[in-house]
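Contents: one structure, followed by commentary.
The values are calculated or read from the model by the stated rules, or taken from the named source; none is laboratory data. Remember, it's a predicted structure, so these values are computed and weren't measured experimentally. No Cβ is skipped: glycine too gets one built from the backbone with ideal geometry, and neighbour counts run over all protein chains shown.
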Amino acid sequence: MTVMLKEKERIDDLQRNGYQIIQRTDGFCFGMDAVLLSGFAAVKRGERALDLGTGTGIIPILLEAKTEGKEFFALEIQKEVADMARRSVELNGLEDKIHIIEGDIREASQIFGPASFDVVTSNPPYMNDAHGLKNPDLPKAISRHEVLCTLEDVAREASRLLKTGGRFYMVHRPHRLVEIISRLSSCRLEVKRMKMVHPFADREANMVLLEAVKGGGAFLKMEAPVIVFKEPGVYADEIRDVYGY
């Protein structure tokens, strides 16, 4: 299907099911963290999933390609970004399976209704200090800093949106791990799986992937870490095989 591109937009090949995505040449583009989250998250046959703060729509598009989920929803507060994600869905002919909704994460449970999803995913802003930003309204600032929502907002709304036993998947930074686990637990989201992500085998982790279950017991499985590069510029075999990058 052909869709109209706006100024400073391009189409990138996702190398998965022939899918493509629209991104701005001067804006915030999806990164490795979104790809890793789409490989870590599990959406089973017949399940409904929601991505909070979807940005370009990369996570629901990849989840549709990689899983047997029934229906995928995505919430994005920025009007122009939501429109771009919606056009990417149309570009791939996925309008019947992926639905991009413009709205605020802080009101997500009001928009969709409580206990309405089996799976919720999020690649939220990592930085909790937005002070000193020259322009907090820029898409890159909104994507990287907690300008329009906080970790607490994401945890609270994810819990409200999930059915009991539903799963929440998130990618974040290890330096906030203590806070993350505490916030999730206070919202009845118990972390059950965790996987650290290292850029190289001899480097410290710079990302962490988490699965939390609503109403789950206190049992945590620490999975083998992901090593992204086996040498500069060369992805490790796991990245190629499991994550399809």
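Below are the figures for this structure:
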item: Hits in the stretch 98-112 (condition: free of Cβ contacts under 8 Å to residues at least 40 places away in the same chain and in a loop (DSSP other than H, G, I, E, B)); result: GLY103
item: In the stretch 21-39, the residues that are of a type in the set (S, T, N, Q), crowded, with 17+ Cβ neighbours inside 10 Å and either in contact with a Leu (Cβ under 7 Å, 6 or more places away or on another chain) or without any contact (Cβ under 8 Å) to a residue 40 or more places away in the chain (or both); result: SER38
item: Which numbered condition ALA141 misses (of (1) at pLDDT 95 or above; (2) of a type in the set (Gly, Ala, Ser); (3) not in a strand (DSSP E or B)); result: (1)
item: Positions within the stretch 54-67 being buried (at least 23 other Cβ atoms within 10 Å of the Cβ), under 23 Å from LYS221 (Cβ atoms) and without any contact (Cβ under 8 Å) to a residue 60 or more places away in the chain, in sequence order; result: LEU63
item: All positions within the stretch 201-216 that are surrounded by 21 or more Cβ atoms within 10 Å (Cβ to Cβ) and among the charged types (D, E, K, R); result: GLU211, LYS214
item: Residue that is nearest to the chain's Cα centre (by Cα) [pool: residues in the stretch 16-44 that are charged (D, E, K, R) and more than 17 Å from PHE73 (Cβ to Cβ)]; result: ASP33
item: Tally, over the stretch 194-225, of residues that are at pLDDT 95 or above and aromatic (Phe, Trp, Tyr); result: 1
item: Of the criteria (1) closer than 21 Å to LEU5 by Cβ; (2) at pLDDT 95 or above, which one LYS79 fails; result: (2)
item: Leading residue by the ranking (modelled with the lowest pLDDT) among those in the stretch 16-48 that are closer than 28 Å to CYS149 by Cα and hydroxyl-bearing (Ser, Thr, Tyr); result: THR25
item: The listed residue being without any contact (Cβ under 8 Å) to a residue 60 or more places away in the chain and under 26 Å from LEU151 (Cα atoms), out of ASP83, ASP13, ASP51; result: ASP83
item: Enumeration of residues in the stretch 200-224 that are within 19 Å of the chain's Cα centre (by Cα) and closer than 20 Å to ARG176 by Cα; result: ALA205, ASN206, MET207, VAL208, LEU209, LEU210, GLU211, ALA212, VAL213
item: Failed item, numbered, when GLU95 is tested on (1) surrounded by fewer than 16 Cβ atoms within 10 Å (Cβ to Cβ); (2) at pLDDT 95 or above; (3) not in a loop (DSSP other than H, G, I, E, B); result: (3)
item: Residue in the stretch 147-162 that is surrounded by fewer than 16 Cβ atoms within 10 Å (Cβ to Cβ), among the hydroxyl-bearing types (Ser, Thr, Tyr) and modelled with pLDDT of 95 or more present; result: no
